[in-house]
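Scroll down for the structure; my scribbles are underneath it.
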Amino acid sequence: MSIPLKERLSTGDLNKLRSAAVLEFTEDLFESDNYCSLEVLSSGQQQLFIVNRNDRTLTVLSLSPDMSLKKETLFTEKIISLKEYFEEYSLKENTPPRKIEVVFIGGRTLMIEPGLSMEEDETYRKSDITSQIEEEFENLIAALKNTVVL
């Protein structure tokens, strides 16, 4: 059984990130097919990456340990390249990418690496959560690709 993003963000420290997401986007964020979301936890911050298919945007909500929230909305039509990084790729097993690099007009580079969450929070090492994150990461990549022609 998969553990959806809404449920993962309802626990412990992540509850504040969930509250910020709901304030910005309402509960639709977790229920609408219009949004694809993925959280990435690191020692410096908690981030939630949200692709809005209709608005063609990528929003990054970042919550630092001192509880300061930063919201950044990037327009996907400004993406000039999207590079997926695989580790020991296997066609048979359809190995998911471990991170992506998104380059925008102006040279801004954004790395999205969900594997960092495993280093920060041991619950992300559980196989059911890991597989759910991998699926959501692939959905996020697909949503990015659907909003822009590279």
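Some points to look at:
- Selection of region 100-118 for residues being surrounded by 13 or more Cβ atoms within 10 Å (Cβ to Cβ) and out of contact with any Lys or Arg (no Cβ under 7 Å at 6 or more places or on another chain) yields V102, V103, L110, P114, L116, S117.
- Enumeration of residues in region 16-29 that are aliphatic (A, V, I, L, M) and crowded, with 17+ Cβ neighbours inside 10 Å: L17, A20, A21, L29
- Top-ranked residue of region 83-99 - restricted to ones that are touching a strand residue (DSSP E or B) at 6+ places or on another chain (Cβ under 8 Å) and within 16 Å of N139 (Cβ to Cβ), ranked as most open to solvent (accessible area, probe 1.4 Å): R98
- So D13, is it farther than 12 Å from I129 by Cβ, at pLDDT below 90 and open to solvent by 70 Å² or more (accessible area, probe 1.4 Å): yes
- Of all residues assigned to region 58-79, at least one qualifies as being under 20 Å from E135 (Cβ atoms), touching a helix residue (DSSP H, G or I) at 6+ places or on another chain (Cβ under 8 Å) and of a type outside the set (K, R).
- Hits in region 1-52 - residues which are in contact with a strand residue (DSSP E or B) (Cβ under 8 Å, 6 or more places away or on another chain), among the small types (G, A, S) and under 20 Å from K145 (Cα atoms): S37
- Selection status of E72, among the charged types (D, E, K, R), touching a residue at least 60 places away in the same chain (Cβ under 8 Å) and closer than 19 Å to T109 by Cβ: no
- Subset tally (residues that are of a type in the set (D, E, K, R), within 23 Å of K78 (Cα to Cα) and in contact (Cβ under 8 Å) with a residue 40 or more places away in the chain) for region 93-128: 1
- Residue match in region 30-52 (condition: within 26 Å of E122 (Cα to Cα), part of a helix (DSSP H, G or I) and open to solvent by 30 Å² or more (accessible area, probe 1.4 Å)): yes
The values are calculated or read from the model by the stated rules, or taken from the named source; none is laboratory data. Predicted model, so just to flag it, every value in this text is computed and none were measured. Here Cβ is always computed from backbone atoms with ideal geometry, including for glycine, and neighbour counts include all displayed protein chains. Surface areas here come from the heavy atoms of the whole protein model, side chains and all, with no ligands, DNA or RNA. Shrake-Rupley method; radii C 1.70, N 1.55, O 1.52, S 1.80 Å.
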